[in-house]
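*Asks:* Here you go, one structure.
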Amino acid sequence: MDAQKEALRRIISTLASKNEELQNFLEAVDHTLTGLQKQLSEGKFALVSCEELLDFANQTLTINTEEEFLAVRVTMAPAFRLTTRPAASDNMSQFTVDFSTERAGLQRLHFLPVPRAPQIDASSCVVRDNAITVTWRPPGEADSGGDSSSRPIERYDLEYRKMDRDSTLRVAGEACWEKVCDIIEPQVTISGLKFDSRFIAIRVRARNKAAAGEFSEPIAIETTAYNFSFDASTAHAELKVQGDTVTWEPQGVKGHDPRLRGKENKSSATPSPNKTAASRGGRDRFAGESYTVLGDEEMTNGCHYWELRPLADWKSFSVGVAYRGSLGRFDQLGKGTGSWCLHASQWLQSSLAAKHNNRAKTLDWPLPHRIGIYCDYENGDLLFIDVDRLRLVHAFKTKFSQPLVPAFTVWCGGITIATGLQVPSFMGNFLTTNRSLSSLSP
């Protein structure tokens, strides 16, 4: 009997606890409902103030000048934010939201239209020394007689891309565009370009504090320059061609391994260097002591320019031009009538010489660290320039009768070339002061 009473007491205690929890829950629901009713009432008062603010904003947006909102979509200054501040009446019977600060801020607000696209002035664009100077008219300048103050522009963004045909301007995608950002003036110079394409497409857009406009219609600027690479199929077996660099690497080469050289001599006879160039063929790989490699693009007209830099460990190199078909496998540059070159050496002692038709002219000039080669095919001019000192090292004057190719000889060390270069503006001074270029004398 006592155990049953104890169990009953536990049940009564549990029911009393649950009853208290239920009462607390109902009180919380009632309190929440009261709060929602208050919020609903307060929201109605806030809605009245918002409607008033909306009417004011609509009146502000009504601008008579169509030019101000030509781009259709209008943005406000990003610093403007709508905030609410509660305000209660003295007897606490009303609760409102105060928009007076926002109203005053809206009255001071200047609406900025999305800028129109600038207009690139193609006639004012200048291409010079592998640099392009682009000029454009700011948005609205053409319509307002040069006054664009009504359209404050913060910055300009310019994009450009290389292309081989101007007809691809409209179908060009958004990829592969190089960017120049945060330009202040309506003009910019893009320098250090390699002109390895026929055209460069350019477009520009304007930005203000609120938004960036659309890009202008791209224009194509022609960028012509002499581009070539090393023709690895002509390179001597001990010359390694890698991109724009050629290095002399005798180690591990078949001709420099004494164990293999004897086997090679037994298996095949070495061609005689006394054979004529015609019998050997000018497109064979160079051999013997002719550590030569040719360029892969012929010159048959016009003016051409490229540069050469010797690597740090160089000992001897030659650079010039040659008739491709006149050089045999064992021929060296400057030894025949079909090649002209500048030869530099710092093996045992430093020397610099101009060579042609097996004649050499010693030049009293320090060994250049950067050599510019200029070839005018029609006029028969071949000039070698010390680019760092801007001095003419030597000039050949001749009459070219066959297609020319760049030609290089490297022994012990290496060289690197720079192509895709315009004829630099400083060449005009050399051509003006050297009208009477003389050919190499014995």
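The values are calculated or read from the model by the stated rules, or taken from the named source; none is laboratory data. Computed from a predicted model, the values in this text were never measured in an experiment. Quick reminder, even Gly has a Cβ in these numbers, built from the backbone with ideal geometry, and neighbours come from all protein chains shown. Just the protein is used for accessible areas: all its heavy atoms, side chains included, with ligands, DNA and RNA removed. Shrake-Rupley method; radii C 1.70, N 1.55, O 1.52, S 1.80 Å.
*Asks:* Among 233, 401, what's the order by accessible area (1.4 angstrom probe), most exposed first?
*Replies:* The ranking, largest first, comes out as 401, 233.
*Asks:* Run the accessible area of segment 281-336 with a 1.4 Å probe and give the carbon-and-sulfur part as a rounded percent.
*Replies:* After summing per-atom areas, the C and S share lands at 39 percent.
*Asks:* Which whole-angstrom value gives the distance between the alpha carbon centres of segment 285-313 and segment 383-430?
*Replies:* Here the answer is 10 Å between Cα centres.
*Asks:* Here's another thing I want to ask about it. Arranged from highest to lowest average of other beta-carbon atoms within 10 Å per residue, in what order do the peptides 37-43, 369-375, 406-412 appear?
*Replies:* Taking the mean over residues of other Cβ atoms within 10 Å, the ranking is 406-412, 369-375, 37-43.
*Asks:* How far, in nm, would the chain grow between residue 29 and residue 412 when pulled straight, counting 0.36 nm per residue and subtracting the alpha carbon separation?
*Replies:* Additional length available on full extension: 128.5 nm.
*Asks:* Let me ask you something else. With the Cα gyration tensor of segment 337-442 giving a ≥ b ≥ c as the square roots of its eigenvalues, does the rule (a/c under 1.5 for rounded; else a/b larger than b/c for prolate; else oblate) give rounded, prolate or oblate?
*Replies:* It comes out rounded by the Cα gyration axes.
*Asks:* Would you please give the FRET efficiency between residue 349 and residue 162, computed as 1/(1 + (r/R0)^6) with r the Cβ-Cβ distance and R0 = 41 Å, to the nearest 0.05?
*Replies:* It comes to 0.35.
*Asks:* Looking at the square roots a ≥ b ≥ c of the eigenvalues of the Cα gyration tensor of segment 370-431, which shape do they give, rounded for a/c under 1.5, prolate if a/b is larger than b/c, or oblate?
*Replies:* Oblate shape, in that a/c is at least 1.5 and b/c is the bigger or equal ratio.
*Asks:* Treat each spin label as a single point 7 Å out from the Cα along the C-beta direction, and report the residue 180 to residue 312 distance in nm.
*Replies:* Between residue 180 and residue 312, the label points sit 3.3 nm apart.
*Asks:* Fully extended, how many nm does the chain gain between residue 45 and residue 369 (0.36 nm per residue separation, minus their Cα-Cα distance)?
*Replies:* Between residue 45 and residue 369, full extension yields 108.4 nm more.
*Asks:* Sorted by packing (mean other beta-carbon atoms within 10 Å per residue), highest first, where do 421-429, 337-345 land?
*Replies:* Order by mean packing, descending: 337-345, 421-429.
*Asks:* How much length is gained on full extension from residue 38 to residue 388, taking 0.36 nm per residue of separation minus their Cα-Cα distance?
*Replies:* Separation in residues times 0.36 nm, less the Cα-Cα distance, equals 117.7 nm.
*Asks:* Counting pairs of alpha carbon atoms under 8 Å apart in space and at least six apart in sequence, what relative contact order in percent does segment 290-442 give?
*Replies:* Computed value for segment 290-442: 34 percent relative contact order.
*Asks:* Cα gyration tensor of segment 270-413, axes a ≥ b ≥ c as square roots of the eigenvalues: rounded (a/c below 1.5), prolate (a/b > b/c) or oblate?
*Replies:* Cα axes put segment 270-413 in the oblate bin.
*Asks:* Next question. Not counting ligands, DNA or RNA, and with a 1.4 Å probe, what is residue 333's accessible surface area in Å² rounded to the nearest 10?
*Replies:* About 10 Å², rounded to the nearest 10.
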